[in-house]
Amino acid sequence: MTWRSLVLILGASCIPAGEAHAQVARVPVLDRTVPRDEGFKLNIGVGGGYTTNPTFVPSSAVSSGDSNANLSAGIMNRKTSPRTEWSARYDAYYTHYQSNSQFDTTNHALNFDGRYLTTPRSRLSLAERFFYSRNPLQIGASSPADDAVILTRETKRLRSVSDATFDTSLSRFLALQAGASLRVERLDMATLSDSNTYAARFGMVASVGEKDNLSYILNRTHFNYVSGGTADSTANGLDVSWSHQPPDGTGWVLSAGVSRFTQNRSGQQVLTGEGSLHHRFRPFDFIVDYRRRLDADAAFATVSVAQDAHAAISRGIGRSGSLGLFGEYGTRSSAAGTGVRPPVTYTGGGIHGSFSFDPRVSLSFDARRRKQTADAAVGGDLTYDSILVGLAFQVI
C-alpha cells in the first residue's frame, strides 16, 4: 500500500486526483498491462486526530486547535473489455469536532476515468474530478502540482473538473489530439469569487522510439467570474511537451509554452511550463513535479499566474507497511499585472504511514503542516496543522 492509498483511507480523497490537461499520448490503443476488473468494493474507515483549523476563529485571532473524530465510506469499481476501460470512486467523509461542532460536516468526492476505442485507430478519454468540502482536512492535503488548492477561512467549497480528449492515429508514429474541459469553482466567501473556466485544445502527438513522445498543442481558455468586479478574460497558447515513459526505470515529462492573456482589451505574454520526474530507487520511490500556469482558484478572485511544486519519497516496509514524506511550495500572483491583489505564497510538508493487518484491514497515520502567507484581502496568513490516525475495513 503506497502513501497515496493512505490519503484515501483517511478520507482526504476529496482532493481530486489531478486536473485533466493536455498530455502526450501514444497511438490510441488501450493499455493491456492494466489490472483486470477489480469489481465492486466498499470500504469504511474510522479515525481521530487533532487539528489547528483556520476556520475555527475570526481572522483577527490566532488559530486554535481541536480534536476530532472521523467516519469515511468509499465505493469503487473498475471494468475493462477489449474496447473499454473505466474506473470510478465515490467517497464520503464525516468529521465531528469536540469543541467546534458548528463545523461538523460531510464532504464528498467523485473521481471517474474512462477510455473507449471508438474505432481501431481512435480513442475517446473522459475524466471527472469533483469534491465538495468545508474543511481544510480535505482541501489542504498533499497533491500533485497541478492539483493544489489555496486555503481560506471560508466554508462550503466546491470544485468540478470535466475533461474529454479524442485521439486518432494517422500512422504508427503520429496522432491528432483534440480536447475540451470545464472547471467550476464555488466558494462561500464574503467577497464572491465563483468562476467557470472553459478550455479547448488541438494538436499533434509524435512517437519517437519506444519510450518517448513529442506533442504540440494549441489551446484556448476563457475565464468567466460569476460575481461582479472581475472582467472575463481569454488566453491563447502553445505548449510543446517531451515525455519519456519506459515500462520500468525513470520517467519524466518536460513542457514549455507561452500564452497570450487578454483582459479589458489589454494583453500580455505569460510563460507556462511543467516538469515531472518519477524514479524508483531501491527501496525508495521518488516523485517530483512543478507547474507554472494560468489558474482561477476560487480563493484568489482574479485570474492568477500559479506556480506549484510538489515532491514525495516513499518506501515499503516489509510486505505490509509503507512510509512516505512530502513537501510542497507554491505562489499566486495576478495575471493582469499590478493593482489587483498581492501574491499568495504557501509551503508545507508531512509524513504518511500505513500497515495492513490483512488484505481487508489496515491502520494508517498522517501528520502535516501548511503555512500560507497572503494579504488580508485574500485571507491573511494561515497555518494549518493536523495529526490523524485511521483504521480502514474493506466490507465488500
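Quick look at the numbers
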quantity	calculated
Some residue of region 241-252 being within 30 Å of ILE287 (Cβ to Cβ), aromatic (Phe, Trp, Tyr) and surrounded by fewer than 17 Cβ atoms within 10 Å (Cβ to Cβ)	yes
Given (1) modelled with pLDDT under 95; (2) under 15 Å from ASP146 (Cβ atoms); (3) crowded, with 19+ Cβ neighbours inside 10 Å, index of the condition HIS278 fails	(3)
Some residue of region 182-190 being farther than 28 Å from PHE261 by Cα, in contact (Cβ under 8 Å) with a residue 40 or more places away in the chain and assigned to a strand (DSSP E or B)	no
Residue check for ASP31: at pLDDT 90 or above and either farther than 30 Å from GLY273 by Cα or of a type outside the set (A, V, I, L, M, F, W, C) (or both)	no
Subset of region 160-196 (residues that are surrounded by 20 or more Cβ atoms within 10 Å (Cβ to Cβ) and modelled with pLDDT of 90 or more)	VAL161, ASP163, THR165, ASP167, SER169, ALA175, GLN177, GLY179, SER181, ARG183
Of the criteria (1) within 22 Å of the chain's Cα centre (by Cα); (2) farther than 15 Å from ALA199 by Cβ, which one GLN263 fails	(1)
Selected residue [at pLDDT below 95, buried (at least 18 other Cβ atoms within 10 Å of the Cβ) and in contact with a strand residue (DSSP E or B) (Cβ under 7 Å, 6 or more places away or on another chain)] from THR80, THR105	THR105
Among the residues listed as ASP358, ASP385, ASP381, the single one being surrounded by fewer than 22 Cβ atoms within 10 Å (Cβ to Cβ), without any contact (Cβ under 8 Å) to a residue 12 or more places away in the chain and closer than 26 Å to SER67 by Cβ	ASP381
Residue in region 139-156 that is among the small types (Gly, Ala, Ser) and either modelled with pLDDT of 90 or more or surrounded by fewer than 21 Cβ atoms within 10 Å (Cβ to Cβ) (or both) present	no
Some residue of region 335-344 being part of a strand (DSSP E or B), farther than 30 Å from SER243 by Cα and polar (S, T, N, Q)	no
Matching residues, region 243-299, being in a loop (DSSP other than H, G, I, E, B) and either over 24 Å from ALA311 (Cα atoms) or touching a His at 6+ places or on another chain (Cβ under 8 Å) (or both)	GLY249, THR250, ASN264, ARG265, ALA298
Region 300-309 - residue that is assigned to a strand (DSSP E or B) and touching a Ser or Thr at 6+ places or on another chain (Cβ under 7 Å) and, of those, modelled with the lowest pLDDT	SER304
Filtered residues of region 235-273 (kept if of a type in the set (S, T, N, Q) and modelled with pLDDT of 90 or more)	ASN236, SER241, SER243, SER255, SER259, THR262, GLN269, THR272
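The values are calculated or read from the model by the stated rules, or taken from the named source; none is laboratory data. Note that the coordinates shown come from a computational prediction; the quantities given were computed from them, not determined experimentally. For neighbour counting, all protein chains shown are included, and Cβ atoms are generated from backbone atoms with ideal geometry for every residue, glycine included.
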